[in-house]
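What follows is calculated from the coordinates using simple rules that are stated; it is not laboratory data. In this text, all values refer to a predicted model and were calculated from it rather than measured experimentally. For neighbour counting, all protein chains shown are included, and Cβ atoms are generated from backbone atoms with ideal geometry for every residue, glycine included.
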Amino acid sequence: MPALPHPLNAPGPFHVTDDCIYCGQCTANLPEVFAEAPDGLAYVLRQPAGPELLAEAREAMERCPAESIVETKTLSTAAPGSH
Ligand code: SF4
């Protein structure tokens, strides 16, 4: 089954998918961008603003053990399958 983006992700290029195992790495290292959702998984609280946060978000993405942080090139705010 393809990984689904967390419903609480802020709209924008970065998102966390339901492959997250909540290791806590991204939320501990970059709380400006990642937070823990009520369901215990991580989600994108705010999209990284500025080059420094962008670089840190990409670093968190590379460190994620579940590869559940994704950066898409095309900006889409529509949920998949929504109409
Ligand atoms: S680093 Fe990956 S697995 Fe760990 S909490 Fe963040 S999104 Fe989830």
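Tell me what the chain gives for mean residue ellipticity at 222 nm when only DSSP H runs of n ≥ 4 count, each as -39,500 (n - 2.57), the sum divided by the residue total, rounded to 500 deg cm²/dmol.
-6000 deg cm²/dmol
Out of all Cα-Cα pairs in the chain, roughly what percent, to the nearest whole number, are more than 15 Å apart?
Working: 1731 of 3403 pairs.
Cα-Cα pairs of the chain separated by over 15 Å account for 51 percent.
Ranked by the mean number of other Cβ atoms within 10 Å per residue, highest first, peptides 28-41, 5-18 order as 5-18, 28-41. Amide H contacts for Phe14 (H built 1.01 Å from N in the peptide plane; partners 5 or more residues away or on another chain; cut-off under 5 Å): Thr72. Between Ala42 and Tyr22, Ala37, the built amide H atoms are under 5 Å apart, and every one of these is 5 or more places off in sequence or on another chain.
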